[in-house]
Amino acid sequence: MIGVFDSGFGGLSVFKKVSEQLPEYNFVYLGDSERNPYGSRSKETIYQWSKQAVEFLFERGCQLVIIACHSASNSALRQLQQEYLPSSPYKNRNILGVTIPIVEDVVRLANKRVGVLATRASVKSNRFVEEIYDRAPHLEVFQVASPMLVSLIEEGYAKSATCNLFIKKYLRPLKDKQIDLLVPGCTHFPLILEQLRQKSGQSIKVLDASQIVCDKLKIYLDKHKELEFSQDQSGFREVLTTGEVGLFEEVGQRFLKTSFRAKQVKLY
């Protein structure tokens, strides 16, 4: 079984893609919505909470966990991966993030200047900048924290004039830098992908981050045939939340584009 973890709702955009395009695998989603958002938390807090979530999913039977939250992926992934090395006592416990797959496409597609829209935690971690520079030092990378977009999307105002106003506000400094590629560095942003493309203009390529993560997961699974995934209940889907179930189902519909049933769990 494959686990998809996010601090709340955003990772549902990744969950939607992978569960639709990899129907032969079993998936479970865990949203830590009780403690959402992670974007304003310290690196140590994000690490501790992410570890609790990853442990929970492994104990539930997942052989692979995708940290589908850029704040957690940027702040906690490296340390968690070190703790679950293949040579460690934790055999068949694998962890992937969402940042590196996107960075790999940035390096392949960008010409000179890259813009990143992300949460404050992701911007503060500087992970996008470091990973891009490490692979392509000729690229210039500019970041803008865009916290209001997350709130507007979760409250159902993704298509509103207010949301469009903030998109223009956050894009302005990046367009002033004459970027040629935009990274929507938050898993909420697939819900405003078309608006980002429209407001960016024809000269700026805007990545479809959730599709990139899905495509890279397919490649990963094809290369790692040794992973022992149970074939029982092939196509099994489960959605879990640490918060109030009714609210999670209401907000989550905006990401999954369909109604669903969630279950409440505790991580601590």
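The values are calculated or read from the model by the stated rules, or taken from the named source; none is laboratory data. None of the values given here were measured: they were computed from a predicted structure. All Cβ positions, even for glycine, are placed from backbone atoms using ideal geometry, and neighbour counts span all protein chains on display.
The table below gives the values:
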item	result
Among residues of the range 130-168, those that are over 23 Å from the mean Cα position of the chain (by Cα) and either modelled with pLDDT under 95 or part of a helix (DSSP H, G or I) (or both), counted	3
Qualifying residue in the range 46-54 (condition: among the charged types (D, E, K, R) and in a loop (DSSP other than H, G, I, E, B))	no
Residues being farther than 18 Å from Y220 by Cβ and among the polar types (S, T, N, Q) - total across the range 10-67	9
From E194, E238, residue being more than 17 Å from the chain's Cα centre (by Cα), of a type outside the set (A, V, I, L, M) and under 30 Å from F58 (Cβ atoms)	E238
Identity of the residue in the range 136-176, surrounded by fewer than 15 Cβ atoms within 10 Å (Cβ to Cβ) and among the basic types (K, R), that ends up farthest from K257 (Cα to Cα)	R172
Scope the range 197-210; condition touching a helix residue (DSSP H, G or I) at 6+ places or on another chain (Cβ under 7 Å), touching a residue at least 60 places away in the same chain (Cβ under 8 Å) and farther than 10 Å from P101 by Cβ; matching residues	K205, L207, S210
Residue match in the range 170-180 (condition: of a type in the set (K, R) and touching a strand residue (DSSP E or B) at 6+ places or on another chain (Cβ under 7 Å))	yes
Top-ranked residue of the range 177-218 - restricted to ones that are of a type in the set (S, T, Y) and assigned to a helix (DSSP H, G or I), ranked as surrounded by the most Cβ atoms within 10 Å (Cβ to Cβ)	S210
Sole exception among (1) more than 16 Å from Y29 (Cα to Cα); (2) part of a strand (DSSP E or B); (3) not acidic (D, E) for V239, by number	(1)
Count of residues meeting criterion [free of Cβ contacts under 8 Å to residues at least 24 places away in the same chain and assigned to a helix (DSSP H, G or I)] in the range 90-123	2
Enumeration of residues in the range 250-265 that are more than 15 Å from V28 (Cα to Cα) and of a type outside the set (G, A, S)	E250, V251, Q253, R254, F255, K257, T258
Pairs, first in the same structural domain as R60 (by TED's automatic domain parsing) and surrounded by 20 or more Cβ atoms within 10 Å (Cβ to Cβ) in the range 241-254, second of a type in the set (A, V, I, L, M) and assigned to a helix (DSSP H, G or I), C-beta under 6 Å, six or more apart	G252/L12
